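What follows is a set of notes on a single structure, which appears directly below.
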Amino acid sequence: MRDDFVRALCELAVDDPRVMLLTGDLGFGVLDEFAARFPAQYVNAGVAEQNMTAMAAGLALDGHKVYTYSIANFATLRCLEQIRNDVCYHDADVTIVSVGGGFSYGQLGMSHFATEDLAILRALPGMRVVAPTEPWEAYAATRALHASSGPAYLRIDRAGAALTTPNPGFQLGRARWIREGKDATIIAIGGILSEAVAAAERLATLGVDTAVVAVHCLKPLDMEMVARVVASTPVVVTLEEHTTVGGLGGALLEACEALRTFPQVMRRVGLRDCYPTVVGDQAYLRGAYGLDAAAVVKQTIEGVRAMRQAGNE
Amino acid sequence: MAAPFVGHGDTTSVTEALARRIRGHAVRMTSRGKSSHVASVLSMADLVAVLYGAVLRVDPARPRWEGRDRFILSKGHAGAGVYAALAERGFFPVERLEGHYINGSVFSGHVSHKGVPGVELSTGSLGHGVGVAVGMALAAHRRAAPHSVVVLTSDGEWDEGSNWEALLFAAHHGLHQLTIVIDYNKLQSLDTVDATLRLEPFRGKLEAFGAGVCEVDGHDHAALLAAFAELPFRQGAPNVVLAHTVKGKGVPFMENQVVWHYRSPQGEELVAAVQALEADAPDA
């Protein structure tokens, strides 16, 4: 997904001199092409994320379209107040790009796990929160964000499985149905969508007809999607490589409250309120912390059972 | 920044008169609003008056004019002083200052750009202004634009690491368009700078980070004008005007008294403060 973001940004920078890419001294081997082709539009701000983000606001207030780039929490939590006060309050045209959503850097340890970023960034007024689910979507979202303006957060997985072919109808903010189903719907955000698809395939063999919805935009959340999901299946499961506090599951329930309609059974699958203390690759940690396909299958079946029991009483 | 806009007559008499009006507004605004930070405004009133009165190229009729010099107040808690300067320069009617701190007003205690023409950046959390100013200076640098970016900081806010990050960057990239004015009154929120977190040797630190530094009496208008006329202090380097000031300047009972960082002048105190400022006027 990293490369898809950079490819899109290179294309955009050719025609738009307003595009500026600031990195916090990260992106070895990833940003080389951009740096070589657009030296006047590339700045290594050094290991100084607060200043990088404040500068981004200053550049944006002077007419640039600025992208700040770093790994995991460095582009977000380290400089959160600069994002809040300097970028968001001034409606500055800055896209904060964080590479390594969730457990992308699973062996590097807790400091490199981005597992609270969606909730925290989502709380900022004016901030759009985008976490592409597939590589082509990272490319499409980068282009779509460039076509808009204002603060945005782009969370990209380091890698990411290609599940579908690029959809020419992609619209920023509109969720996509990967498959239909009548018993349950799994809604996933970010690269962990691949686990949702694997879970749905397994559930089908167990007689549970499961829809999968890919959400790349947490804020603003696609309200039509929420209404359709609640109306179409009694069981709704959310999946995110992120804490269950305030992320996709929380946002979905908030949306349900706003719409005055709720699923009959709801399960939120994500990282329970803790800091992981062991390391491993992304697939290992998803399994170890209960957010892989097996965990989704288990939660979905429990949800379907709970719904059927309630129906029999 | 180039030539002062008051190109004739006695520039210091113009800027000194502006400083007196800013101080008068400051004590009245903080009294009416029962708000803090009157001493912080008095400390920087001469700096703001010289900047808005003679140095910054700004146009009240076109607050967003692209060729303007950019000014950021990083010590946002002294926002009343910038609101007063902007009103006096004609960015909006002086009567609007009466809204300061009032329910429903946009004139917040910490400076805000929303609904206030002429304010470039909202601040209030310390250590933000220099970084944003560096971004603006970088933008000017890239476009080879002739305007300057001036950011006014307190001394206490140099406790913030973000300022030093920003200065490192500005020096590395030779951003001579940037001028950082430091209101060095040596008093912070609870105690002196020396007792809180020592900055000295402050000038040496700033120079070691790559700035061209000019030390000046921050209440001497002629000296300040001379300093701004000398920019840049060093070729290819960001500038720092290290302005030695007195917190609470102009109201003797507030000068160098830590309590006036938070206290609001009420009743007899307001009367005495206004009298002290009026006694200071040349025609008194």
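List of remarks:
- Whole-angstrom Cα spans of the stretch A:96-142 along principal axes, big to small: 31, 27, 14
- Relative to the longest principal axis of the Cα atoms of chain B, the long axis of helix B:268-279 makes an angle of roughly 60 degrees.
- For chain A, built as a Gaussian network whose Cα springs stay under 10 Å, the top-fluctuating residue of A:G247, A:G102, A:G287: A:G287
- Panel note: the C-alpha atoms of the stretch A:74-208, placed on their principal axes, show extents of 52, 37, 24 Å (largest first).
- Backbone HN-Hα couplings from phi across the stretch B:256-261 [Karplus 6.51/-1.76/1.60, Hz, Gly and Pro as x]: 6, 10, 4, 4, 7, 5
- Spatial extent of the stretch A:176-312: Rg and Dmax, with the Cα atoms as the point set, Å: 14.0, 44
- Extending 7 Å from Cα along the Cβ direction at A:E254 and again at B:E230 yields two label points whose distance is 5.4 nm.
- When the Cα gyration tensor is reduced to axis lengths a ≥ b ≥ c, the ratio a/c is 1.5 or higher for the stretch B:74-136, and with a/b above b/c it is classed as prolate.
- In straight-distance terms, cross-link reach from A:K182 covers every one of the lysines whose alpha-carbon lies under 19 Å from its own, apart from those fewer than eight places away in the same chain; here that gives A:K298.
- Over the protein assembly as shown - Rg/Rh using Cα atoms and the Kirkwood inverse-distance radius: 1.06
- A:E81/A:Q309 FRET efficiency (R0 41 Å; Cβ-Cβ; nearest 0.05): 0.30
- Proximity of backbone amide H atoms, modeled 1.01 Å from N, is registered between A:L271 and A:H242, A:T243, A:T244 at under 5 Å, excluding neighbours fewer than 5 places apart on the same chain.
- What the Cα convex hull of chain A gives, in volume per residue, is 121 Å³.
- Built amide H within the under 5 Å cut-off of B:H113, gap 5+: B:S122
- Approximate shape of the stretch B:163-255 as ellipsoid semi-axes (Cα gyration tensor, √5λ), whole Å, largest first: 25, 18, 9
- Taking Cα centre as origin and charging only the Cβ of basic (Lys, Arg, +1) and acidic (Asp, Glu, -1) residues, the dipole magnitude of the stretch A:176-312 rounds to 280 debye.
- Between 0 and 90°, nearest 10: helix B:79-88 axis offset from chain B longest Cα axis: 90
- A Cβ-based charge dipole, computed about the Cα centre of the stretch B:152-192 with Lys and Arg at +1 and Asp and Glu at -1, lands at about 180 debye.
- Most fluctuating residue given options B:K75, B:K205, B:K247, as computed from a GNM of chain B linking Cα atoms under 10 Å: B:K205
- As a calculated quantity, the FRET efficiency between A:A294 and A:A231 at R0 = 41 Å, using C-beta atoms, amounts to about 0.90.
- With the gyration tensor restricted to C-alpha atoms of the stretch B:46-107, the semi-axes of the equivalent ellipsoid amount to 20, 14, 11 Å, longest first.
- Dipole magnitude (debye, nearest 20) for the protein assembly as shown, charges at Cβ of Lys, Arg, Asp, Glu: 1100
- Residue of A:T164, A:T23, A:T133 that the Gaussian network model of chain A assigns the largest fluctuation, springs spanning Cα pairs under 10 Å: A:T164
- Rounded D (µm²/s) - chain B, Kirkwood Rh over Cα pairs, Stokes-Einstein at 20 °C, 1.002 mPa s: 115
- For the stretch B:1-126, the equivalent ellipsoid built from the Cα gyration tensor has semi-axes of 22, 16, 13 Å, listed from largest to smallest.
- Gained length - B:A61 relative to B:R198, 0.36 nm times residue gap less alpha-carbon distance: 45.0 nm
- For the stretch A:182-190, backbone phi angles converted through the Karplus equation (6.51, -1.76, 1.60; θ = phi - 60°) give residue-by-residue couplings of 10, 8, 8, 10, 9, 10, 10, 10, x Hz, Gly and Pro being listed as x.
- Tensor-based shape of the stretch A:2-156 (alpha-carbon gyration tensor, a/c under 1.5 rounded, otherwise prolate or oblate): rounded
- Length, then width, then depth: along the principal axes, the Cα atoms of the stretch B:92-250 run 46, 43, 33 Å.
Bear in mind that the values in this text are calculations on the coordinates, not laboratory data. In this text, all values refer to a predicted model and were calculated from it rather than measured experimentally. As a convention, Cβ positions derive from the backbone with ideal geometry for all residues, glycine included, and neighbour counts pool all protein chains shown.
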